[in-house]
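As structure tokens, the structure follows; a few thoughts come after it.
The numbers here are math on the coordinates, done by the rules we state, and not lab data. Everything numeric in this text was worked out from a predicted model, so none of it was measured. Every residue, glycine as well, gets a Cβ built from its backbone with ideal geometry; the counts of neighbours run over all protein chains shown.
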Amino acid sequence: MPFAALDLHKAEIEAALVDDDGRLTRRLRFPATRQAITAFAHHHLSPEHRVAMEATFNTWAVVDLIRPFVHSVTVGNPLLTRAIAASKIKTDKIDARVLAHLLRLGYLPEVWIPDEPTRQLRRQTTERSCLTADRTRLKNRIHSILNQRLIAAPADLFTPAGLDWLRALPLDAVGRQALDRLLGQLELVERDLAASSLALAPLAWQDPRVRLLMTLPGVGFVVAQALLAALGDLTRFPSPDRAAAYLGLAPSTYQSGHKTYHGRITKRGSAHARWMLVEAAQHLDQHPGPLGVFFRRIARKKNRNVAVVATARKLVTIAWHMLKNNEPYRYALPGPTEEKLRKLRVLATGQRRKTGPPQGQPAVAPLAPGVRSKTVKGLPAVYAAEDLPSLSAPNPGEIRMLDQAGATEFAASVLTNRRVVRNQAPRKVQPRACAS
């Protein structure tokens, strides 16, 4: 059975073809264009060929062009192909030939080839992440202009009122030009971000897995989509620890003899998904549920940064169990969770639901004048209204975890509807002017 290997680069591709005995039969170098790749596959490959290449920036486009002409395509993990990485003499010809021999002998560490919808979702979520980074960069530069001139900025600088304040702020000519230019760029980025969210929202609403993951505290539909795009087929991971290691959230381990050292996380896998999870974990320091208890315990023992990363890994672990069991998160806050799902529904479909008591039922009994109340749904009612799976009873291990964390009362409180009473301050009546 013939084998072929491609060493991919931006401008050119080095190809090596070997037979079943490992003898080099042909070596080629051709431009990295669609026409050249298709011509190479048409003239030099056959349905019996097995092709290997390493994962890089243009691998999936080459895979799509090569796959119809060959028996199979194997994409190798460049971090694990030690025969190439550790070689003393490293050239494109040697790399291609070594890849072919590794494939022939069955020693090439293979990576999963995502399908087209997963690739498209990865591109969309990565593009939105880049837009978010651009927005942060522009905001930091605006703050820099104010700090250089010793101008104290209001707390709500990037609200409509704050932006109006920036446009009317008296500055020197250079500062005014720079600030106007940054405000114009910020407006464009905000517009592109809104368009990106509008394109991603229908995909999120149609995917029940996204709405399932949105029940996790701190996880919106963008974070859920980034996580699903990075993981792809969940059956690839036999355990949640494998999923966390795939995203680079597992601690590195160095072991020799009787000594074992656990260092920082490996940071392998999707940097975009890992960053999104870390950002989601930043908001859990005040959460009253088990995730918040876990965050605060790690922060007391280590520090906040370690607690954020550990909580991000915990989010992956919980997400793996939720997707496997098709069950929403059991310890979410009903109010914020309902609001997240409502915003996604309105953004994706424009559908708004009527509030208030059902037709034919009396309203809630009135309270004292100036006192308002609101009925907060429990998690079962929130999930039923959004067509999410129902909650199952916690197992004995979860009950013990709740007792140890002191979250048993919280877990019981989120399951039932409750009426929240809020005192409303009396309105100030302006005195009318007397006619003279």
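Quick check: residue separation of GLU190 and HIS258 times 0.36 nm, minus the Cα distance between them. What number comes out in nm?
Stretched fully, the GLU190-HIS258 segment lengthens by 19.0 nm.
Considering the options TRP205, LEU315, ALA281, tell which one lies farthest towards the positive end of the dipole of the chain, charges being +1 on Lys and Arg and -1 on Asp and Glu at the Cβ, about the Cα centre.
Farthest along the dipole direction, towards plus: ALA281.
Treating only the Cβ atoms of Lys and Arg (+1) and Asp and Glu (-1) as charged, compute the dipole magnitude of region 3-105 about its Cα centre; round to the nearest 20 debye.
Values: 14 positive and 11 negative charges, 47 e Å.
Computed about the Cα centre, the dipole is about 220 debye.
GLY378's amide H: which non-local residues (gap 5+, or another chain) put their own amide H closer than 5 Å, with H modeled 1.01 Å from N in plane and none for Pro or chain starts?
So GLY378 has HN proximity to ASN417, ARG418.
Can you tally the net charge around TYR331? Count Lys and Arg as +1, Asp and Glu as -1, for every other residue whose Cβ sits under 14 Å from the Cβ of TYR331. All intermediate terms of the calculation are to be shown ahead of the outcome.
On the way: positive: LYS314, ARG330; negative: GLU327, GLU398, ASP403, GLU409.
In short, -2.
What's the center-to-center distance, using Cα atoms, between region 3-25 and region 41-67 in Å?
10 Å
Mind putting a number on the dipole of the chain about its Cα centre? Charges go on the C-beta only, +1 for Lys and Arg and -1 for Asp and Glu, and I need it in Debye to the nearest 20.
Using only the charged Cβ atoms, the result is roughly 1540 debye.
Among residues other than THR118 whose Cβ falls under 14 Å from its Cβ, what is the net charge (Lys/Arg +1, Asp/Glu -1)? Could the numbers behind the result be given before it?
Values: positive: ARG119, ARG122, ARG123, ARG209, ARG236; negative: ASP64, ASP115, GLU116, ASP207, ASP233.
With Lys, Arg at +1 and Asp, Glu at -1, the net is 0.
Under a plain spin-label model, where a point goes 7 Å from the Cα along Cα-to-Cβ, how far apart in nm are TRP275 and SER392?
Taking the simple label geometry, TRP275 and SER392 are separated by 3.7 nm.
Cβ neighbours within 10 Å, averaged per peptide: list 121-127, 258-264 in order, most packed at the top.
The most tightly packed comes first, giving 121-127, 258-264.
If you count, for each residue, the other Cβ atoms within 10 Å and average over each peptide, how do 377-383, 56-62 line up from highest to lowest?
377-383, 56-62
Work out how much length ALA83 to THR136 would gain on full extension: take 0.36 nm times their residue separation and subtract the Cα-Cα distance, in nm to one decimal.
Working: separation 53, 0.36 × 53 = 19.08 nm, distance 4.14 nm.
Contour length minus the Cα-Cα distance gives 14.9 nm.
For the residues SER390, SER129, what sequence is obtained by ranking on other C-beta atoms within 10 Å, fewest first?
Numbers: SER390 10, SER129 19.
Lowest count first: SER390, SER129.
Would you mind calculating the relative contact order of the chain from Cα pairs under 8 angstrom and at least 6 residues apart, reporting the percent as a whole number?
10 percent
For the residue pair THR56 and LYS343, what label-to-label distance in nm results when each label sits 7 Å from Cα along the Cα-to-beta-carbon direction?
4.1 nm
Please give, to one decimal in nm, the separation of the simple spin-label points placed at TYR107 and GLN120, each 7 Å out from Cα toward the Cβ.
Taking the simple label geometry, TYR107 and GLN120 are separated by 4.1 nm.
Multiply the residue gap between GLN206 and LEU169 by 0.36 nm, knock off their C-alpha separation, and tell me the result in nm, one decimal place.
On the way: separation 37, 0.36 × 37 = 13.32 nm, distance 4.52 nm.
Additional length available on full extension: 8.8 nm.
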